[in-house]
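Since the structure comes first, as structure tokens, the remarks are kept for the end.
The values are calculated or read from the model by the stated rules, or taken from the named source; none is laboratory data. None of the values given here were measured: they were computed from a predicted structure. Reconstructed Cβ throughout: ideal geometry from the backbone, glycine too, with neighbour counts over all protein chains shown. Each accessible area value is taken on the protein alone, full model and side chains, heavy atoms only, with ligands, DNA and RNA left out. Shrake-Rupley method; radii C 1.70, N 1.55, O 1.52, S 1.80 Å.
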Amino acid sequence: MLHWNIYTEYDRRFTEAHTHLRDLNGEVERLKRQYAAFVRTRQAATQSCEGYDGPHPPPTVHVRAAREKVGALMARQGHMLETMA
């Protein structure tokens with residue numbers, strides 16, 4: 001009985017296998033297109049960031065410099081207000 005089922009259902013199983021293989025090939029093509037889009041996006045992002053890899057001072061240096069500048073400007077403004085008064 002087992003041999004009978006194997007031989008009589010071979011065509012159906014063979015057809016199903018080819019159908020699934022065709023479906024799988026479609027999915028593989030879709031994934032290839034998606035991967036190619038990812039690679040293009042990654043390359044564009046990498047190229048847009050070129051030139052920014054130099055040394056950057058930590059933000060605290062900028063904040064400290066800005067505080068000193070604001071302090072000096074406030075002193076000058078206070079002196080000018082005293083002179084005007």
Worksheet entry | Answer residue from the stretch 51-62, given it is exposed (fewer than 10 other Cβ atoms within 10 Å of the Cβ) and in a helix (DSSP H, G or I) and is modelled with the lowest pLDDT among those | Pro59
Item to complete: Would you confirm whether any residue within the stretch 33-50 is surrounded by fewer than 10 Cβ atoms within 10 Å (Cβ to Cβ) and at pLDDT below 80?
Response: yes
Item to complete: Could you tell me whether His20 is modelled with pLDDT under 90, open to solvent by 100 Å² or more (accessible area, probe 1.4 Å) and part of a helix (DSSP H, G or I)?
Response: no
